[in-house]
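To keep things clear, I will list the structure first and then write my remarks on it.
The values are calculated or read from the model by the stated rules, or taken from the named source; none is laboratory data. Being a predicted model, the structure only gives us computed values, none of them experimental. Quick reminder, even Gly has a Cβ in these numbers, built from the backbone with ideal geometry, and neighbours come from all protein chains shown. Only protein heavy atoms, including side chains, enter the accessible area calculation; ligands, DNA and RNA are left aside. Shrake-Rupley method; radii C 1.70, N 1.55, O 1.52, S 1.80 Å.
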Amino acid sequence: MRTQVGIVGAGPAGLLLSHLLHLNGIESVVLEARSRGYVEARIRAGVLEQPVEKLLNDSGVGARMRELGLPHEGVNLRTGGRDHRIDLKALTGKGTMVYSQHLIVQDLIAARLAAGGDVRFEASGIGLRDVRTDAPYIVYEQDGKQHRLDCAVIAGCDGFHGISRDTIPASVRQSFDREYPFGWLGILADVAPSSHEVVYASHDRGFALLSMRSPSVSRLYLQCEPDEDISKWSDDRIWEELSTRLARDGFTLQAGPITQKGVTQMRSFVVEPMQYGKLFLVGDAAHIVPPTGAKGLNLAAADVAVLTRALTAWFRTGATDLLESYGETCLRRVWKAQRFSWWMTSLLHRFSSHTPFERRVQQAELDGLFGSVAASTALAENYVGLPLIL
Ligand code: APR
Ligand code: PHB
C-alpha cells in the first residue's frame with residue numbers, strides 16, 4: 001500500500017493535517033493505536049485561539065463549533081478577592097472560542113470519512129523505517145496481520161508518548177525540559193459555569209481555574225501536588241477548596257455533580273529538530289506546554305498549518321525550501337508559546353520554594369498587570385493567539 005503522506009496518530013494534529021492535505025489534493029493515510037470511540041471521547045483542552053478557530057471555519061469543519069462553541073471576549077485574573085478583566089476584544093480586536101477538543105476530533109473524523117479519507121484505528125506495533133531516505137515506510141499490525149505503508153513523507157502526530165520522536169537518533173536530538181513542582185486536579189461537573197468567562201485565580205492556598213465546556217458543563221482546576229492522590233479528594237472537599245480559592249465579593253461558586261476527576265502533570269518540553277529526513281514531528285510529539293493559557297492544541301494546529309503549506313508547495317512544484325525550514329518556522333512560534341505558558345504558570349501558582357521576598361515580587365507582577373494597559377495588551381495578544389505562521 002502506498003500514499004503520499006503517512007500520518008501517525010489521530011489526535012487533533014494528525015486529523016487536521018489529513019483534512020487540510022486533502023483540501024490541497026494530497027493523499028494521506030492516518031494510523032491510530034486506539035479505537036475511534038476512545039479518541040472521540042477523550043476529554044482534553046477546550047480554548048481555541050482566534051487564528052485556530054478561523055482555520056477550522058475556513059477549512060469547512062466549523063459548523064458545529066459555530067453552533068455549540070462559546071465565543072469569549074475577555075478573561076479574568078482574580079487575586080486578593082478582586083478581579084482584573086483582560087478585555088481581549090478591546091485590546092486586540094479578537095477573542096477566543098471555548099469548544100471541546102474531543103468535539104473537534106469528532107468533527108474532523110466525520111469530515112475525513114465523508115470525503116473518503118483513510119483513517120485506520122487500532123493499528124498497533126507502529127515502526128517508522130528508512131526515514132532518512134526518499135522511500136520511507138511505516139510498518140504496523142492490524143487485525144492480526146503485518147502491514148507496510150510506503151509514503152513520500154511521514155508526519156509524526158502521535159503525541160508526547162508516541163514513537164515518532166524516538167525515531168530521530170539520540171545523537172541528533174536535543175530536548176528542553178522543565179517539570180513544575182505541582183499538578184492540576186481537574187474536574188468536569190454538570191453545573192452551569194459560575195462565570196460566563198474563564199477565571200484564573202492566584203490564592204495563598206494555590207492556583208484555581210474556572211472554565212467551562214458548555215452552558216451546562218463546568219470545567220475547574222486546582223493546583224495540587226504533582227503526585228496528588230485523587231482518592232483523598234471527595235467531591236465536597238474539591239468544591240470547598242475551589243470556593244475558597246475562587247472567592248470574591250458578590251461571587252458564588254455553584255457546585256454540582258462531578259462527572260470526571262483527574263490529575264494533570266505540569267511540564268514544558270521541546271525537542272529540536274522537529275524534522276529528520278522525511279519525518280516531520282507535529283504537535284505534542286514535539287512539544288508540551290503546561291496548560292496555563294491553553295496553548296497545547298493551538299500549537300499543534302499551527303504546526304499543521306506550516307506543514308500543509310510546505311507539503312503543498314513540494315508536491316505541486318518540487319520546491320523544497322518550505323519543507324526544509326519546517327522545524328525552524330514552527331519553533332519560532334513554539335518558543336513564544338513556551339515563554340507565555342511558562343510565564344502564566346509562574347505568575348499564578350504558589351511555589352513552595354518561594355521565599356517571602358519572591359512571593360511579594362510575584363504579587364507585584366500581578367498587581368503591575370492590573371494597572372497597566374501595555375502589560376494587559378501583551379497578555380491579550382498572546383492569549384488570543386499569534387499568527388499561525390510566524
Ligand atoms: N501509534 C499510533 N498512534 C499513536 C501512538 C502509536 N505508537 N502513540 C500515540 N498515538 C496516538 C494517540 O492515541 C493519540 O490519538 O496519537 C494521538 C496523539 O494525539 P494527542 O496526544 O491529542 O496529540 P496532538 O494531536 O499533537 O494534539 C495536541 O495538545 O495540549 C494538547 O490537549 C492538547 O491533546 C492536545 C494536543
Ligand atoms: C480548560 O477549559 O480546560 C482550560 C481553560 C484555560 C486554560 C487551561 C485549560 O488556561
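Inter-part distance, the range 188-238 to the range 1-19, computed on C-alpha centroids, equals 34 Å.
Label-to-label distance, D58 versus R132, with points set 7 angstrom from Cα along the beta-carbon direction: 3.7 nm.
Taking a label point 7 Å from the Cα of Q174 along the Cα→Cβ vector, which residues of the range 272-288 have an amide N closer than 16 Å to it? The answer is 272-276, whose backbone nitrogens lie closer than 16 Å to the label point.
The slack between Q142 and R85, meaning 0.36 nm per residue of separation minus the straight C-alpha distance, is 15.4 nm. Compactness check for the range 1-64: Cα Rg over 2.2 N^0.38 Å is 1.21.
Which value, in Å to one decimal place, does the Kirkwood hydrodynamic radius take for the range 127-197 when every pair of different Cα atoms is included?
16.6
For the chain, the dipole from Cβ point charges (+1 on Lys and Arg, -1 on Asp and Glu) about the Cα centre works out to 300 debye, to the nearest 20. For a distance above 15 Å, tell me the whole-number percent of Cα pairs in the range 36-92 that qualify. Above the 15 Å cut-off, the range 36-92 has 66 percent of its Cα pairs.
When the alpha carbon coordinates of the chain are projected onto the principal axes, the ranges are 63, 39, 38 Å, largest first. Rg and Dmax over the alpha-carbon atoms of the range 172-227 stand at 14.8, 49 Å. Each label was represented as a point 7 Å from its Cα along the Cα-to-Cβ direction; for D150 and R2 these points are 0.5 nm apart. With K and R counted +1 and D and E -1, the other residues having a Cβ less than 9 Å from that of Q101 yield a net charge of +2. Computed with a 1.4 Å probe on the full set of protein chains, the accessible area for R66 sits at about 140 Å². A full extension of the chain between A319 and N24 corresponds to an added length of 104.6 nm, given 0.36 nm per residue minus the alpha carbon distance.
Net length available on complete extension from A364 to S346 is 5.2 nm, with 0.36 nm assigned per residue and the Cα-Cα distance removed.
Coupling constants for the range 169-185 follow from the phi torsions by the Karplus curve (6.51 cos²θ - 1.76 cosθ + 1.60, θ = phi - 60°), and in residue order they are x, 4, 5, 9, 8, 10, 10, 10, 9, 9, 9, 9, x, 7, x, 10, 8 Hz; glycine and proline get x.
When only Cα pairs below 8 angstrom with a gap of at least 6 residues are kept, the range 23-127 shows a relative contact order of 44 percent. Shape summary: the range 268-390 maps onto an equivalent ellipsoid whose semi-axes, from the alpha-carbon gyration tensor, are 35, 16, 9 Å in decreasing order.
Computed on the range 192-337, the Cα convex hull volume stands at 148 Å³ per residue.
Heavy-atom accessible area, probed at 1.4 angstrom with all protein chains present, ranks R36, R316, R112 as R316, R36, R112, highest first. Residue by residue, the range 233-244 carries 3J(HN,Hα) couplings of 10, 6, 4, 4, 5, 4, 5, 5, 5, 4, 4, 5 Hz when phi is fed to the Karplus relation 6.51 cos²θ - 1.76 cosθ + 1.60 (θ = phi - 60°); x denotes Gly or Pro. Contact order for the range 150-248, expressed relative to its length and based on alpha carbon pairs under 8 Å spaced 6+ residues apart, stands at 25 percent. What separates the Cα centres of the range 276-347 and the range 369-390 is a distance of 20 Å. Karplus-derived 3J(HN,Hα) values for the range 289-299, using 6.51 cos²θ - 1.76 cosθ + 1.60 with θ = phi - 60°, are 10, x, x, 4, x, 6, 9, x, 4, 5, 5 Hz; glycine and proline are entered as x.
Place the peptides 333-339, 286-292 in order of packing, highest mean first, counting for every residue the other Cβ atoms within 10 Å and averaging per peptide. Each step should come with its number before you reach the end.
Details: 333-339: 18.7, 286-292: 25.1.
Those peptides, ordered most packed to least, come out 286-292, 333-339.
When only C-alpha pairs under 8 Å and at least 6 residues apart count, what is the relative contact order of the chain, in percent?
20
For the range 73-139, the spread of Cα coordinates along the three principal axes comes to 58, 32, 24 Å, biggest extent given first.
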